[in-house]
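See structure below.
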Amino acid sequence: MYGDVSNWDVSGVSNMSGLFQDLSLFNEDLRLWNTAAVTDMRGMFENAQSFNLPIGAWDTSAVMDMSRMFKGARAFDQPIDSWNTSAVTDMRGMFLDAHAFNQPVGSWDVSQ
């Protein structure tokens, strides 16, 4: 109906909260998305149990809410250590029940 999700122009989108929430079989390539305008990624992949594709190149510098972003995303294990998290004020439950996730995030700025 809306075309291939990997080709969506999301450059003007600021709120992606719950976008793929509860889509347990979702595993589409989003690596080329322009996320520079996004401020809310709350629950974006919550319970997207199959999602495990690279999104490490996303521009997350404007994101303020990443709470529950990967909660229940049981397959997700991609490097996201290059993300700019300096504006994030809420990361509560970000990786809760994301059992496969085993990537370093120690370089993130979590001073907010």
Scanning the range 1-33 residue by residue, those assigned to a loop (DSSP other than H, G, I, E, B) and either touching a strand residue (DSSP E or B) at 6+ places or on another chain (Cβ under 7 Å) or hydroxyl-bearing (Ser, Thr, Tyr) (or both) turn out to be Tyr2, Ser11, Ser14, Met16, Ser17, Ser24
Single condition Asp4 does not satisfy, out of (1) on the phi < 0 side of the Ramachandran plot; (2) among the charged types (D, E, K, R); (3) at pLDDT 95 or above: (3)
For the range 42-90, the count of residues that are at positive phi and surrounded by fewer than 22 Cβ atoms within 10 Å (Cβ to Cβ) equals 2
Yes or no: Ser17 polar (S, T, N, Q), in contact (Cβ under 8 Å) with a residue 40 or more places away in the chain and under 24 Å from Val110 (Cα atoms)? yes
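The values are calculated or read from the model by the stated rules, or taken from the named source; none is laboratory data. All of these numbers come straight from a predicted model, not from anything done at the bench. Note that we place each Cβ from the backbone using ideal geometry, even for glycine, and neighbour counts take in every protein chain shown.
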